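S.K.: First the structure, which I've put down as structure tokens, then a few questions once you've had a look.
Throughout, read-outs are computed from the coordinates displayed, never taken from laboratory work. Everything numeric here is computed off the predicted structure, so don't read it as measured data. Here the Cβ positions follow ideal geometry from the backbone for every residue, glycine too, while neighbour counts run over all protein chains shown.
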Amino acid sequence: MNQHPAIELRNITKTFGSVVANKNVCLTVKKGEILSILGENGSGKTTLMNMISGIYFPDEGQIFVDGQEVVIRSPKDAFKYKIGMIHQHFKLVDVFTAAENIILGLKDSEGFDLKKAEKRVSEISNKYGFALDPKKKIYEMSVSEKQTVEIIRVLYRDADILILDEPTAVLTPQEAQTLFEILRRMRDDGKAIIIITHKLHEVLSLSDRVSVLRKGEYIGTVNTSDATEKSLTEMMVGEKITLNIDRDEPKDPVDRLVIENINCINREGVNVLSNVSFTARSGEILGIAGIAGSGQRELLEAIAGLQKLNSGKITYFDPKTNKTENLRDKTPLQIREMGVRLSFVPEDRLGMGLVGNMDIVDNMMLRSYRSGKSVFVERKAPQKLADEIIERLQVVTPDSRTPVRRLSGGNVQKVLVGREIASSPTVLMAAYPVRGLDINSAYAIYNLLNEQKRIGTAVIFVGEDLDVLLELCDRIMVLCAGKISGIVDARSVTKEEIGLLMTRSEQEVRGDE
């Protein structure tokens, strides 16, 4: 490893009003190394990287690139110093080709030569091992191909310092391993690579060193070879904690929700769900795995009455009356009153379930205001619930009267998931409930889901981390392009087998039988 610093931060401080996002942070990234940045939600990781990439400007401190002090006021400045950031959410033009997206925004006094650009894209791909057709349109690409375009775009601009934000969040295990191999080649070529991720097993397998932030302050940097998941977590949290998911055997499981041959066609005429059939049982956790956009969102919204189906049946077995109901004929309010709860947390966390301008207490009341017996709103129970969620899930907030729009994304997520679980559901659907959460908060959510399982709730859990799905769930259903490619026992299946199912159709699976 080259020991010369590629970039060095000295006493970087950034505040937003009274909130201190980063305080006197000192950090060094060497040439030819992969450095992971770890920290709990609100620890200042993203803010720090945004200052390196020119999105924010530090209030205090200095940034050195190749030993020279620099001033980075914009992403354009960052590119000038050969710094490029690959964001988790891609910023691509769907109707353009890969090469067109890569050269978009560049200035060329002689005019652009697209063939020349395509040739250079191919050269970069061959050098590092990317598989990319420079003439392919973005809308024809898989998620991993789109990510490849984003990475090559910064390499095309001669970036020597690359920052990747949650790079494996939407990749299969096989795609993640391919990405890791490419990043190692880039490291060996002298690039300095910074990874922001919450997946500790990836940190340990990929990075050379790990730097930890806690509450906006730099805690320390350790060699990955000397670290464990437990030691890194204790550095992040500042105390000893236990990282265990206690999976019990399902106790007296009975059918709670039966899905039969449901089909859904979107506005573009694409069949986003094709003949999907499965059963969710009380007292068990059914995991749903799949590449992003495989129909997970449409499936949960269909069950909750938010998505119109073209055909199929959704049967709910009511534990109170022992009667069955077809949920396809019910409104979301009627479904909710039957005890079916949807906890769906999309990218726009405040767009579904919570009202940004309301405080935490008022958002607790959204579930109960219809049942009020007078014109006056009862606030004691919602206040108690808000306080319990803040304490149990360690929501970082000045108090329960703070509008949720002022909370970080991870803390908004805690409020939403905590409220849904507290509503005593018989069916709980949690889509990406730990997305954006640090590992300590994530395990708190996993324990809450297990508690729901133990009291007889049928839990449907959509997750991105296959290691967690294997450890938490009883069965795992894999979706691929809107079809079920397999339903497997989580206790016996391997991560690699699930990864293969994530990229295969139901017809291919049947063809193997």
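S.K.: For a quick protection proxy, order the peptides 463-475, 383-395 by their average other-Cβ count within 10 Å, most packed first. Could you put the intermediate results ahead of the total?
M.R.: Values: 463-475: 20.2, 383-395: 17.8.
The densest-packed peptide leads the list: 463-475, 383-395.
S.K.: Among Ala131, Val25, Val65, which residue has its Cα positioned farthest towards the positive end of the charge dipole of segment 5-237, with +1 placed on the Cβ of Lys and Arg, -1 on the Cβ of Asp and Glu, and the dipole taken about the Cα centre?
M.R.: Val65
S.K.: Which order do the peptides 480-487, 220-227, 44-51, 5-12 take when ranked by the mean count of other beta-carbon atoms within 10 Å per residue, highest first? Please list the in-between numbers first.
M.R.: Working: 480-487: 21.4, 220-227: 13.4, 44-51: 23.0, 5-12: 19.8.
Packing order, densest peptide first, comes out as 44-51, 480-487, 5-12, 220-227.
S.K.: Of the listed pairs Lys91/Lys384; Lys115/Lys191; Lys45/Lys308; Lys45/Lys116; Lys251/Lys308; Lys14/Lys199, which have alpha-carbon separations greater than 31 Å here?
M.R.: Numbers: Lys91/Lys384 42 Å; Lys115/Lys191 27 Å; Lys45/Lys308 40 Å; Lys45/Lys116 38 Å; Lys251/Lys308 34 Å; Lys14/Lys199 26 Å.
Violating the 31 Å Cα-Cα cut-off are Lys91/Lys384; Lys45/Lys308; Lys45/Lys116; Lys251/Lys308.
S.K.: How far, in degrees from 0 to 90, does helix 409-421 lean away from the longest principal axis of the Cα atoms of the chain, to the nearest 10?
M.R.: 10
S.K.: Straight-line reach from Lys313: which lysines have a Cα under 18 Å away, not including same-chain ones fewer than 8 places off?
M.R.: Lys323, Lys330, Lys483
S.K.: About the Cα centre of the chain, what is the dipole size in debye to 20, counting +1 per Lys and Arg Cβ and -1 per Asp and Glu Cβ, all else neutral? Don't skip to the answer; put the middle values down first.
M.R.: Details: 69 positive and 72 negative charges, 250 e Å.
Approximately 1200 debye in magnitude.
S.K.: Under the rule of -39500 (n - 2.57) per DSSP H run of 4 or more residues, summed and divided by the residues of the chain, what mean residue ellipticity at 222 nm is obtained, to the nearest 500 deg cm²/dmol?
M.R.: That calculation yields -9500 deg cm²/dmol at 222 nm.
S.K.: Between rounded, prolate and oblate, where does segment 225-285 land on the alpha carbon gyration tensor, with a ≥ b ≥ c its root eigenvalues, rounded for a/c under 1.5, else prolate if a/b exceeds b/c?
M.R.: Numbers: a/c = 4.78, a/b = 1.83, b/c = 2.62.
Verdict is oblate for segment 225-285.
S.K.: Using the basic label-point model (7 angstrom from Cα toward the beta carbon), what is the Glu60 to Glu337 distance in nanometres?
M.R.: For Glu60 paired with Glu337, the spin-label model returns 5.8 nm.
S.K.: Now for a separate question. Between Arg267 and Ala292, what length in nm is gained on full extension when 0.36 nm per residue of separation is reduced by their alpha carbon distance? Write out the running numbers ahead of the final one.
M.R.: Working: separation 25, 0.36 × 25 = 9.00 nm, distance 1.88 nm.
My answer for the length gained is 7.1 nm.
S.K.: In degrees between 0 and 90, to the nearest 10, how far off the longest principal axis of the chain does helix 380-392 point, with axes built from Cα atoms?
M.R.: Between helix and principal axis, roughly 40 degrees.
S.K.: Quick one: work out Rg over Rh on the C-alpha atoms of the chain, Rh as Kirkwood radius.
M.R.: Working: Rg = 24.1 Å, Rh = 24.6 Å.
Rg/Rh for the chain comes to 0.98.
S.K.: For the Cα atoms of the chain, what angle does the longest principal axis make with the long axis of helix 173-188, in degrees from 0 to 90, nearest 10?
M.R.: 20
S.K.: How large, in Å, is segment 196-263 by the Kirkwood hydrodynamic radius built from its alpha-carbon pairs?
M.R.: Numbers: mean 1/r = 0.0654 Å⁻¹.
One over the average 1/r among Cα pairs gives 15.3 Å for segment 196-263.
S.K.: Counting other Cβ atoms within 10 Å, which trypsin sites (Lys or Arg not before Pro) in segment 211-281 have at most 16 and lie in a DSSP loop?
M.R.: Numbers: sites: Arg214, Lys215, Lys230, Lys240, Arg247, Lys251, Arg256, Arg267, Arg281; in loops: Lys215, Lys240, Arg247, Lys251, Arg267.
In loop regions of segment 211-281 (DSSP not H, G, I, E or B), the sparsely surrounded trypsin sites (Lys or Arg not before Pro) are Lys215, Lys240, Lys251, Arg267.
S.K.: With contacts defined as alpha carbon pairs under 8 Å and 6 or more residues apart, what's the relative contact order of the chain in percent?
M.R.: On the way: 1034 pairs, mean separation 77.9, N = 513.
Relative contact order, the chain: 15 percent.
S.K.: Which residue, Leu299, Ile7, Ile288, has the largest displacement toward the positive end of the dipole of the chain when charges sit on each Cβ (Lys, Arg +1; Asp, Glu -1)?
M.R.: Value: Leu299.
S.K.: Please compute the modelled spin-label separation between Gln383 and Lys137, points set 7 Å along Cα→Cβ, answer in nm with one decimal.
M.R.: 5.8
S.K.: Let me ask something additional. Can you put Arg209, Arg435 in order of Cβ neighbours within 10 angstrom, beginning with the fewest? Numbers along the way, then the final one.
M.R.: Values: Arg209 19, Arg435 22.
Arranged by neighbour count, lowest to highest, Arg209, Arg435 become Arg209, Arg435.
S.K.: Taking the Cβ-Cβ separation of Ile219 and Val355 as r and a Förster radius of 30 Å, what is the calculated FRET efficiency to the nearest 0.05?
M.R.: Between Ile219 and Val355 the formula returns 0.25.
S.K.: Across every pair of different alpha-carbon atoms, what Kirkwood hydrodynamic radius in Å does segment 5-237 reach? Mind dumping the intermediate values first?
M.R.: Working: mean 1/r = 0.0547 Å⁻¹.
Taking every pair of different Cα atoms in segment 5-237, averaging 1/r and inverting gives 18.3 Å.
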